[in-house]
1. Under 8 Å by Cβ, and 6 or more places apart or on different chains, what pairs join a residue from segment 83-104 that is without any contact (Cβ under 8 Å) to a residue 24 or more places away in the chain with one that is surrounded by fewer than 17 Cβ atoms within 10 Å (Cβ to Cβ)?
2. Tally time: how many residues in segment 164-187 are farther than 18 Å from residue 116 by Cα and either crowded, with 16+ Cβ neighbours inside 10 Å or touching a residue at least 60 places away in the same chain (Cβ under 8 Å) (or both)?
3. Quick check: anything in segment 21-33 modelled with pLDDT of 95 or more and part of a loop (DSSP other than H, G, I, E, B)?
4. Within segment 37-55, can you find the residues that are buried (at least 21 other Cβ atoms within 10 Å of the Cβ) and within 20 Å of residue 145 (Cα to Cα)?
5. Please go through segment 56-84 and pick out each residue that is in a helix (DSSP H, G or I) and surrounded by fewer than 21 Cβ atoms within 10 Å (Cβ to Cβ).
6. Of all residues in segment 128-178, which are in contact with a strand residue (DSSP E or B) (Cβ under 9 Å, 6 or more places away or on another chain), in a loop (DSSP other than H, G, I, E, B) and more than 22 Å from residue 193 (Cα to Cα)?
7. Answer yes or no: is there a residue in segment 132-146 that is touching a helix residue (DSSP H, G or I) at 6+ places or on another chain (Cβ under 6 Å), surrounded by fewer than 23 Cβ atoms within 10 Å (Cβ to Cβ) and at positive phi.
8. Filter segment 105-127 down to residues that are assigned to a helix (DSSP H, G or I) and in contact (Cβ under 8 Å) with a residue 12 or more places away in the chain and give me whichever is farthest from residue 34 (Cα to Cα).
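The values are calculated or read from the model by the stated rules, or taken from the named source; none is laboratory data. Here the structure is a predicted model, which is why all the values come from computation and not from measurement. Cβ atoms come from the backbone with ideal geometry, glycine included; neighbour counts cover every protein chain shown.
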């Protein structure tokens, strides 16, 4: 069971700006069928944090059919889209945590994860909101504890403010992770993965080139 005593609060909306009505009872009933409850020692896991509309979870589930993808997202509209695509593509290796990712981290009692994806986390660009940013050196160290040996963290953002913040966090964790693509000429997502999420397309349409950071556990 999850504890309610964690101090790491996540910010942001649970619903979009659309006025489209949804049946919350049906939503939570459907989530319950796919809901993450605890780890199975016989399974290998991928952690997909802040999945938006679920495109990354679907991509990972298809790429790694032998792994279980834990999709962490509290955004209801996005989870509805993910659940529809799970059923559409008959995917059976995604489980959903529609809450705080720290819930998942705090009950991980061993090195469960082969891979962590964090694509387009909210950059909270204003200085007064900097403490709301998910990716900090402390957070990366928490992930280090639950990663298997030589496993990786992939982080994508189109925010120049967040890029600088992430760079500082990586530097502070240099004893924990090797930054694999540090010397690459290009750090762009499409140089590595053929995936276009809604937020990726939004960045491209706004003439921003999303950067990708690949960290390997030391």
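1. Pairs found: none.
2. Summing the residues that are farther than 18 Å from residue 116 by Cα and either crowded, with 16+ Cβ neighbours inside 10 Å or touching a residue at least 60 places away in the same chain (Cβ under 8 Å) (or both) in segment 164-187 gives 1.
3. Looking for residues that are modelled with pLDDT of 95 or more and part of a loop (DSSP other than H, G, I, E, B), one finds none in segment 21-33, hence no.
4. 45, 46, 47, 48, 49, 50
5. Selection gives 59, 62, 63, 76, 77, 80, 81, 83, 84.
6. Listed by number, the residues that qualify are 134, 173, 176.
7. No, because not a single residue in segment 132-146 is touching a helix residue (DSSP H, G or I) at 6+ places or on another chain (Cβ under 6 Å), surrounded by fewer than 23 Cβ atoms within 10 Å (Cβ to Cβ) and at positive phi.
8. Among those that are assigned to a helix (DSSP H, G or I) and in contact (Cβ under 8 Å) with a residue 12 or more places away in the chain, it is 106.
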